[in-house]
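Asks: Attaching a single structure in structure tokens format; questions to follow.
The values are calculated or read from the model by the stated rules, or taken from the named source; none is laboratory data. From a predicted model like this one, the values you see are computed outputs, not experimental measurements. Cβ sites come from the backbone with ideal geometry, for glycine too, and all protein chains shown count toward neighbours. Note: accessible area is taken over every heavy atom of the protein model, side chains too, but ligands, DNA and RNA are not part of it. Shrake-Rupley method; radii C 1.70, N 1.55, O 1.52, S 1.80 Å.
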Amino acid sequence: MPTSKSPDLEILDTRVRYLKDADLLIFEQIVKGTAGKTLPKPQGSVNGAPVLGYVFPTTLKPEDAGFRKVKGILALAVTSHPDFDDTPLWDENNNSNYADDGIIFHSHWVVLVKDDRVPGGLSVKQFNKTDKTVVLPPTNPGMPMYLDSPGFPVLLKGNKLSVLVPAQRIRSKTEFKFDGVVVYMQVNTTNKNLPMLGVYQAYSLSSGNLSLPYSVQPQ
């Protein structure tokens with residue numbers, strides 16, 4: 001069952017600021033409630049595991065984040081999923097255990113594609129494990145999807161969520177369009193008729209139509 005609706009999942013504003021002196025992009029979502037307060041309840045297994053995400057779809061290309069050239073929407077996703085950990089290089093809760101912090105909101109790059117098999121109409125692009133042409137960033141968690149775990153810091157303060165992205169990590173691209181959406185996703189590892197990670201519900205969408213109308217604000 002999707003996580004219940006909450007003011008914590010209702011976007012009031014989405015923006016990306018570029019701090020020229022620091023060569024740093026700050027992705028931000030302002031919500032009606034408290035950013036990151038609402039968490040998904042554990043399922044008890046990876047199959048069927050709930051994933052809650054504050055997502056920034058962009059006009060950046062997948063190769064800007066280290067993937068090979070593929071069709072799809074490159075999105076920065078800040079997710080929580082208590083049933084598994086997919087950031088093996090990072091210790092988000094700072095307890096020296098790198099495999100127990102999936103519930104802590106953390107950053108991913110994903111390539112999204114249209115997918116009518118799920119109610120939300122989108123899923124993370126998959127690939128066959130035997131496909132030798134697939135290129136992923138070296139920080140990927142080893143799943144057969146266009147998914148990366150770049151380790152960008154996520155800051156949650158009051159009603160604001162911020163992600164700190166060095167511009168150098170996206171080939172110094174500082175002019176692009178974007179949108180903001182909060183979604184419920186779910187993992188599937190058994191049903192071949194469903195995606196491995198699909199969007200099942202959108203709680204809030206900044207533009208109202210996923211038109212990616214917003215521009216980076218240089219400062």
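Asks: Quickly run through segment 51-103 and pick out the residues that are modelled with pLDDT under 95 and closer than 19 Å to F27 by Cα.
Replies: Passing the criteria: only E92.
Asks: Still on this model: For segment 1-44, which positions are closer than 16 Å to F176 by Cβ and part of a loop (DSSP other than H, G, I, E, B)?
Replies: Residue satisfying the conditions is D23 alone.
Yes/no per residue for (1) more than 21 Å from P82 (Cβ to Cβ); (2) among the β-branched types (V, I, T); (3) in a helix (DSSP H, G or I):
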residue: V165; (1), (2), (3): yes, yes, no
residue: Q168; (1), (2), (3): yes, no, yes
residue: T190; (1), (2), (3): no, yes, no
residue: Y200; (1), (2), (3): no, no, no
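Asks: From the list K32, K41, exactly one residue is touching a residue at least 40 places away in the same chain (Cβ under 8 Å), closer than 18 Å to Q201 by Cα and of a type in the set (D, E, K, R). Which is it?
Replies: Going through K32, K41 in turn, the sole match is K41.
Asks: Being touching a residue at least 12 places away in the same chain (Cβ under 8 Å), surrounded by 17 or more Cβ atoms within 10 Å (Cβ to Cβ), among the acidic types (D, E) and part of a loop (DSSP other than H, G, I, E, B) narrows it down to one residue among D86, D64; which is it?
Replies: Just one listed residue meets the conditions, D86.
Asks: Something else: Can you tell me which of T38, T14 is modelled with pLDDT of 95 or more, of a type in the set (V, I, T) and crowded, with 21+ Cβ neighbours inside 10 Å?
Replies: Testing whether each residue is modelled with pLDDT of 95 or more, of a type in the set (V, I, T) and crowded, with 21+ Cβ neighbours inside 10 Å leaves just T14.
Asks: If I go through segment 140-163 residue by residue, how many of them are outside any loop (DSSP other than H, G, I, E, B) and over 25 Å from L122 (Cα atoms)?
Replies: Total satisfying the criteria: 4.
Asks: Are any of the residues in segment 21-33 of a type in the set (K, R), open to solvent by 60 Å² or more (accessible area, probe 1.4 Å) and closer than 29 Å to M1 by Cβ?
Replies: Yes, the conditions are met somewhere in segment 21-33.
Asks: Being in contact with a helix residue (DSSP H, G or I) (Cβ under 8 Å, 6 or more places away or on another chain), among the polar types (S, T, N, Q) and farther than 11 Å from S80 by Cβ is the filter here, so list the residues in segment 30-47 that pass it.
Replies: Matches in segment 30-47: T34 only.
Asks: Same structure again: Among the numbered criteria (1) under 12 Å from T79 (Cα atoms); (2) open to solvent by 20 Å² or more (accessible area, probe 1.4 Å); (3) part of a strand (DSSP E or B), which one does I104 miss?
Replies: With respect to (1) under 12 Å from T79 (Cα atoms); (2) open to solvent by 20 Å² or more (accessible area, probe 1.4 Å); (3) part of a strand (DSSP E or B), I104 is out only on (3).
Let's see how each residue does on (1) modelled with pLDDT under 95; (2) crowded, with 21+ Cβ neighbours inside 10 Å:
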site	(1), (2)
S123	no, yes
D131	yes, no
L147	no, yes
G158	no, no
A167	no, no
R171	no, no
V181	no, yes
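Asks: Next question, about the same structure. Show the residue pairs meeting these rules: Cβ distance below 6 Å; 6+ apart or different chains; first residue within segment 164-183 and among the charged types (D, E, K, R); second residue modelled with pLDDT of 95 or more and in a strand (DSSP E or B).
Replies: Final answer for the pair search is D179/P57.
Asks: Next up: Being charged (D, E, K, R) and touching a residue at least 24 places away in the same chain (Cβ under 8 Å) is true for just one of D131, D91, D100, D148. Which residue is that?
Replies: Going through D131, D91, D100, D148 in turn, just one is charged (D, E, K, R) and touching a residue at least 24 places away in the same chain (Cβ under 8 Å): D148.
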